[in-house]
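In what follows, a structure is listed as C-alpha cells, so that the remarks can point back to it.
What follows draws every value from the coordinates through simple rules; no lab data is involved. Bear in mind the structure is a predicted one, so any value in this text is a computation, not a measurement. Cβ coordinates were reconstructed from backbone atoms using ideal geometry, including for glycine residues, and neighbour counts include every protein chain displayed.
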Amino acid sequence: MAVDRGNRLGHGGGRAVVIDAATATEARMHNRAALERDRVERSSETRALPSLLQIDVTGRCNMRCPFCYLAADAKPALRHMSPRLIPLLHPALAAAETVTLYGTGEPLASPHFDDFFLAAAATGARTYFTTNGTLLSPRVCDLLVNRLTYLSVSFSAGDAETFARVHGHDYFDRIVRNVEHLIREKEASGTSHPRLRLSFVAARNTLGNLPGVIRLAERLRCSEGVAVSYLVAYDEKELANIAPNAPEEFREAHAAAGALADSLGVPLAFKAAAPGVEAVPTCQRPWEAAFVRYDGDVFICTESAQHPLGSITTTDFQDIWNGEAAVGFRTAFLSEPYLCCRYCNQCQNKTSVERYAHLGGELWVREVTRLESGCASGGGA
Ligand code: SF4
Ligand code: SF4
C-alpha cells in the first residue's frame with residue numbers, strides 16, 4: 001500500500017529531519033545542530049529556533065465548508081496578518097528550513113499574501129501552503145511557479161456535484177481550471193515547482209469520495225499524491241462523522257484507497273494515525289515547530305490555541321521561544337501534557353483516532369470534552 005506515514009510536505013513527525021542542500025545556510029546548519037541536541041535530550045530550554053515556521057497569513061476565507069471551524073463559529077476572527085509583522089519574523093525566517101503560509105484561513109484571501117510569500121522565499125527555505133484553489137489566478141500562478149516548493153489543494157470530492165454538496169460551494173470546475181493553468185505554466189517554465197498534492201478531509205460522510213480524489217490527483221499529475229487528514233468535530237452535529245465513531249468503515253476505506261492509489265501510482269499519505277495505521281509515538285513540534293497566528297501571537301501548533309507563548313508585537317521571537325510559557329509547554333509535554341496534546345488530532349503523536357478506538361462508549365464524552373476545552377483552534381483549507 002502506498003502509504004507514507006510521515007507528512008512529506010510539512011513537518012517530520014517523529015523522525016529527525018535532515019537538512020537538505022537546497023536550504024542549507026551556515027545559520028541553519030548551526031541551528032539544526034543545536035535543535036537536534038535539545039530535541040534528543042528533551043530539554044525544556046532550547047538554544048535553537050524552530051526548523052518549521054508556520055505563518056498564519058490570514059484568518060479569513062472566501063468559503064464556508066460545513067465541516068470547518070469557520071462555519072461552526074458564529075463570530076470567527078476575520079483578520080489578515082499585517083505586513084508590518086514581517087520584519088519581526090525575520091530571525092525565525094532565517095533559521096527555518098520550511099516555512100508554511102497557512103493556518104486558520106485561506107492564504108490567498110490575504111491582500112498581503114505576496115509580501116509574506118516573497119519574504120519567505122527570499123530566505124531560501126522550502127515554502128508550502130494549502131489553498132482551496134478558488135483564488136489561484138493566473139497572476140498568482142505566475143508568482144508561485146518556480147518559487148514555491150509545494151502546494152496542496154483541498155478537495156474532499158472528486159467531481160463537481162459531490163464537491164458542491166461537501167464543500168457547500170459550486171467551485172469544483174473553477175478550481176480544476178485554476179490548477180490546470182498552474183500545470184501549464186509549470187510546463188512552459190520547465191519546472192516541477194510547486195510540486196502538487198491534493199488534501200482530503202476524511203469523515204464518515206466523505207469517505208466514499210476518496211477514490212474520486214485519488215483519480216483526480218492522477219489526472220492533475222500531482223507528484224505528491226493525496227494527503228488524508230481527519231475531520232475534527234467543531235460542533236456536536238459533526239460528532240457522528242468522526243473516525244472514532246466508525247473505525248471499521250475507516251479501516252475498509254483506507255484499504256480500498258490504498259489499493260487504488262497503488263494501482264494508479266498515486267502517493268497516498270495519512271496525515272495522522274488511523275485505525276490500522278501505526279502511530280509515530282512522539283510529537284517533535286515543541287522543539288521543531290512554531291505557529292505564528294495572524295495577530296502575532298506565537299504557539300507551538302494550531303492545536304495548542306489555549307497556550308499562547310507570547311506575541312511578536314511586544315517580544316522578540318527568540319525570547320518567546322525560550323520564554324516562560326514555551327519552557328512550561330515543553331516541561332508539561334514531557335511530564336503531564338496539556339489537554340491539547342492528550343487529545344491531539346493534528347500530529348503523528350498518539351492520535352484521538354487510535355486512542356478512541358479502544359474506548360468504546362467513552363469516546364463521545366471525550367470528543368465533547370476536547371471541543372469544550374477549545375483545543376481545536378482551526379484548520380485552514
Ligand atoms: S497539540 Fe499535538 S501537535 Fe501540538 S504539541 Fe501537542 S501533540 Fe504536538
Ligand atoms: S476548510 Fe478551508 S476552504 Fe473551507 S472554509 Fe475552512 S479554511 Fe475555508
How high is the FRET efficiency from LEU339 to GLU248, r the C-beta distance, R0 25 Å, rounded to 0.05? 0.35
So if we plug the beta-carbon distance of GLU218 and THR25 into 1/(1 + (r/R0)^6) with R0 = 41 Å, what FRET efficiency do we get, rounded to 0.05? 0.65
Inter-site label distance for SER43 and HIS90 at 7 Å from Cα along Cβ, in nm: 2.7
What FRET efficiency comes out for ARG184 versus GLN306 if R0 is 35 angstrom and r is the Cβ-Cβ distance? Round to the nearest 0.05. 0.20
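For a quick check of your reading of the filter: which trypsin sites (Lys or Arg not before Pro) in the range 76-126 sit in a DSSP loop and have no more than 16 other Cβ atoms within 10 Å?
ARG79
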Counting Lys and Arg as +1 and Asp and Glu as -1 over every other residue whose Cβ sits under 15 Å from the Cβ of GLY212, the net charge comes to -1
So the pair-distance distribution of the range 43-111, from every Cα-Cα distance in 10 Å bins, comes to percents of 19, 40, 26, 14, 1
Could you tell me the largest-minus-smallest coordinate of the C-alpha atoms of the range 161-276 on each of the three principal axes, in descending order and whole angstroms? 47, 31, 20
So what's the convex hull volume per residue for the Cα atoms of the range 107-167, in Å³? 89
Environment charge of ALA256, counting only residues whose C-beta is closer than 14 Å and scoring Lys/Arg +1, Asp/Glu -1: -2
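Out of every Cα-Cα pair in the range 73-139, what percent are more than 20 Å apart?
So the pairs more than 20 Å apart make up 30 percent of the total in the range 73-139.
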For the range 58-196, just run the numbers: alpha carbon Rg, then divide by 2.2 N^0.38 Å, N being how many residues it has. 1.08
